[in-house]
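Participant: To start, I am sharing the structure in question, which I have written as structure tokens.
Nothing in this text is a laboratory measurement; each read-out follows from the coordinates by a stated rule. Everything quoted here is computed from the prediction, not taken from an experiment. Cβ sites come from the backbone with ideal geometry, for glycine too, and all protein chains shown count toward neighbours.
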Amino acid sequence: MNSVLTTLILVAVLLVSGCPKRSTVEGVYRNDNSSIVLELKSGGQASLAIMGETRACTYTVDRSQITLDCKEADRLVLTVQADGSLAGPPGSLIGALRKAN
């Protein structure tokens with residue numbers, strides 16, 4: 001009886017740990033003065049507004065990297081920081097983007 005219970009618990013733990021987790025990056029991110037607003041939506045859809053000009057984009061997440069692909073623009077790789085903010089590529093004009101409440 002103990003071995004059956006142990007096996008059931010082990011199977012349950014493996015099933016739960018193997019389930020894909022919902023993306024926690026979805027939401028609206030802004031820089032300090034809101035001149036850059038990024039909205040990451042479900043299904044890999046996004047919108048990027050820079051100084052009021054909005055572009056439709058798509059994105060993918062690979063560990064702590066978000067690759068944003070907007071039409072008529074280069075791909076942009078953002079890094080998810082420990083505090084949940086997004087950092088632009090080194091040397092870019094994109095500073096920290098923080099999740100809006």
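Participant: Using the scaling law 2.2 N^0.38 Å as the reference, what is the normalised Cα Rg of the range 23-99?
Facilitator: Working: Rg = 11.1 Å, N = 77, 2.2 N^0.38 = 11.5 Å.
Normalised by 2.2 N^0.38 Å, the Cα Rg of the range 23-99 equals 0.97.
Participant: With θ set to phi - 60° and the Karplus curve 6.51 cos²θ - 1.76 cosθ + 1.60, what are the ³J(HN,Hα) couplings of the range 29-41 in order, to the nearest whole Hz, using x for Gly and Pro?
Facilitator: Computed from phi, the couplings for the range 29-41 are 10, 9, 7, 4, 9, 6, 7, 10, 10, 10, 10, 9, 10 Hz.
Participant: Okay, next question. Just grab the label-to-label distance for Thr24 and Ala87, each label 7 Å out from Cα along the Cβ direction, in nm (one decimal).
Facilitator: 1.8
Participant: With a Förster radius of 35 Å, plug the Cβ-Cβ distance of Asn33 and Lys71 into 1/(1 + (r/R0)^6) and report the FRET value to the nearest 0.05.
Facilitator: Numbers: r = 25 Å, r/R0 = 0.73.
With a Förster radius of 35 Å, E is 0.85.
Participant: Among Lys71, Lys99, rank each residue by its count of other Cβ atoms within 10 Å, from fewest to most, as a rough exposure measure.
Facilitator: On the way: Lys71 8, Lys99 17.
Going from sparsest to densest Cβ surroundings: Lys71, Lys99.
Participant: With r defined as the distance between the Cβ atoms of Ala96 and Gln45 and R0 fixed at 22 Å, what FRET efficiency is calculated, to the nearest 0.05? The partial results should precede the final answer.
Facilitator: On the way: r = 23 Å, r/R0 = 1.04.
With R0 = 22 Å, the Cβ-Cβ based efficiency is 0.45.
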